[in-house]
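Below is one structure, written out as structure tokens, with a few remarks after it.
The values are calculated or read from the model by the stated rules, or taken from the named source; none is laboratory data. Since we're looking at a predicted model, the values are computed, not measured. Glycine also receives a Cβ, built like all others from the backbone with ideal geometry; neighbour counts cover every protein chain displayed.
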Amino acid sequence: MPSETDDTVLTATSRVRVVDGAHNLRDLGGLATLDGRRVRRGRVFRGDYPGFAHADPDAYAELGLRTVVDLRRGTEAAVECVDWAALGVAHRRWPLTAGREDSWHARYPAYLSRRPETVVGAVREAMRPAGHPVLFHCAAGKDRTGVVAALLLALLGVAEEDIVADYLLSAASVGPVLARLTTMDLYAAMLADSGVDDQAPRAEYLRSLLTWLADEGGAEAWLVRHGVPTEEIVAFRTALLEG
């Protein structure tokens with residue numbers, strides 16, 4: 001069942017950051033949990049390629065990032081990558097891959113079954129309170145980023161329908177993100193037969209991941225089984241949950 005609050009729309013829109021140099025940046029904070037608490041703002045951000053680091057210095061300074069978790073492959077990072085070292089930000093790359101399904105049409109559970117260690121590494125880095133504020137991102141901020149966001153929000157106890165709703169907020173960014181990516185040969189080739197409608201996030205895509213996780217015992221059980229210490233999850237919840 002979805003969580004129902006009077007400020008659902010306000011919460012969603014106020015979490016979205018409108019910045020130059022990015023099209024799909026938002027705060028995971030502000031979402032309510034099933035036990036009536038709320039995720040703290042300003043700690044964990046998700047996004048597409050963070051060109052705002054140079055294009056919008058004021059927005060970048062406001063976030064105060066300590067860590068960036070890059071979910072892209074090496075070929076993508078070779079095409080463009082912010083010089084995070086020059087900005088004094090720790091840059092951690094955990095490239096998510098779904099094997100043969102590794103495309104804009106990947107079945108999201110494939111990321112967890114193909115190379116689970118990359119998902120676990122990304123999630124652990126994003127959870128680490130000492131590294132906050134943290135931004136995790138891929139190229140579009142929708143698929144790979146959506147998988148990591150779903151795991152983090154599930155760990156915090158956010159309702160499934162609210163996790164799906166957060167994922168669907170990426171819809172507005174698909175057009176401008178595609179327009180930007182297709183100016184680069186690497187992405188132009190990948191997206192040659194794809195358009196905005198084809199790339200739009202659909203609720204059933206993320207629900208398939210959440211159903212898969214439920215069959216695995218839930219996000220926490222899956223992460224612990226793959227080597228995440230329980231104390232790290234407890235520390236993450238303590239840092240991120242108000243009340």
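Odds and ends about this structure:
- Exclusive hit being closer than 25 Å to Leu25 by Cβ, without any contact (Cβ under 8 Å) to a residue 60 or more places away in the chain and surrounded by 14 or more Cβ atoms within 10 Å (Cβ to Cβ), set Val224, Val174: Val174
- The C-beta contact set for segment 99-113 (first residue part of a helix (DSSP H, G or I), second residue at pLDDT below 85 and among the small types (Gly, Ala, Ser), distance under 8 angstrom, 6+ apart or interchain) comprises Ala110/Gly99.
- Checked against (1) within 13 Å of the chain's Cα centre (by Cα); (2) farther than 21 Å from Leu213 by Cβ, Arg93 passes all but a single condition, namely (1).
- Of the numbered criteria (1) modelled with pLDDT of 95 or more; (2) over 23 Å from Ala165 (Cβ atoms); (3) surrounded by fewer than 19 Cβ atoms within 10 Å (Cβ to Cβ), the one Ile233 fails is (3).
- Residue within segment 212-219 that is surrounded by fewer than 21 Cβ atoms within 10 Å (Cβ to Cβ), of a type in the set (Phe, Trp, Tyr) and either outside any helix (DSSP H, G or I) or touching a Pro at 6+ places or on another chain (Cβ under 9 Å) (or both) present: yes
- Among the residues of segment 22-74, those identified as under 20 Å from Pro176 (Cβ atoms) and in a strand (DSSP E or B) are Leu25, Arg26, Asp27, Phe45, Arg46, Gly47.
- Exclusive hit being crowded, with 19+ Cβ neighbours inside 10 Å, of a type in the set (A, V, I, L, M) and more than 23 Å from Met190 (Cβ to Cβ), set Val68, Val147, Val134: Val134
- If you check Glu161, Glu80 for being acidic (Asp, Glu), farther than 15 Å from Leu210 by Cα and in contact (Cβ under 8 Å) with a residue 12 or more places away in the chain, only one passes: Glu80.
- Segment 187-203, residues that are part of a helix (DSSP H, G or I) and either surrounded by fewer than 16 Cβ atoms within 10 Å (Cβ to Cβ) or of a type in the set (D, E, K, R) (or both): Ala188, Ala189, Val196, Asp197, Asp198, Ala203
- Among the candidates Ser173, Ser208, residue that is farther than 27 Å from Arg17 by Cβ, assigned to a helix (DSSP H, G or I) and of a type in the set (Gly, Ala, Ser): Ser208
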